1. Only one of (1) in a loop (DSSP other than H, G, I, E, B); (2) of a type outside the set (Val, Ile, Thr); (3) modelled with pLDDT of 95 or more is not met by Leu42, so which one is it?
2. Suppose we filter Glu55, Glu14 for residues that are loosely packed, with under 15 Cβ neighbours inside 10 Å and charged (D, E, K, R); which single one remains?
3. Take region 59-85 and flag every residue that is open to solvent by 80 Å² or more (accessible area, probe 1.4 Å), at pLDDT 90 or above and assigned to a strand (DSSP E or B).
4. Would you check if Gly36 is open to solvent by less than 30 Å² (accessible area, probe 1.4 Å), in a loop (DSSP other than H, G, I, E, B) and modelled with pLDDT of 90 or more?
Amino acid sequence: MEQLNFEEEWEKVEKHGAPCKVDMLCREKKTYTGPGEEYAPLWDISNENIPLQLEEIKRNKNGVLWGRLKSGKGWIDLKETKFHE
């Protein structure tokens, strides 16, 4: 299996901009009220093999890319995600 370069994937997402879709490459992710772990956690979302729709994309103060879910369920970090082309 090919190893994904997440920096390249982040660049694809950031270059494309919002709205866009990403695929989760992990079982679940925690959502937050804002683009960073310093914001209040909301809940976990599970990978259902359906692309997640992002309405907004931001880098936090640590340079990590975050996406705001169109579903209204908060923000997720885009680690372990892949741009859905």
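The values are calculated or read from the model by the stated rules, or taken from the named source; none is laboratory data. All values reported here derive from a predicted model rather than from experimental measurement. Cβ sites come from the backbone with ideal geometry, for glycine too, and all protein chains shown count toward neighbours. Accessible surface is based on the protein model in full, side chains and every heavy atom, while ligands, DNA and RNA are left aside. Shrake-Rupley method; radii C 1.70, N 1.55, O 1.52, S 1.80 Å.
1. (1)
2. Answer to the selection: Glu55.
3. Across region 59-85, the qualifying residue is only Arg68.
4. Working: open to solvent by less than 30 Å² (accessible area, probe 1.4 Å): yes; in a loop (DSSP other than H, G, I, E, B): yes; modelled with pLDDT of 90 or more: yes.
Spelling it out, Gly36 is indeed open to solvent by less than 30 Å² (accessible area, probe 1.4 Å), in a loop (DSSP other than H, G, I, E, B) and modelled with pLDDT of 90 or more.
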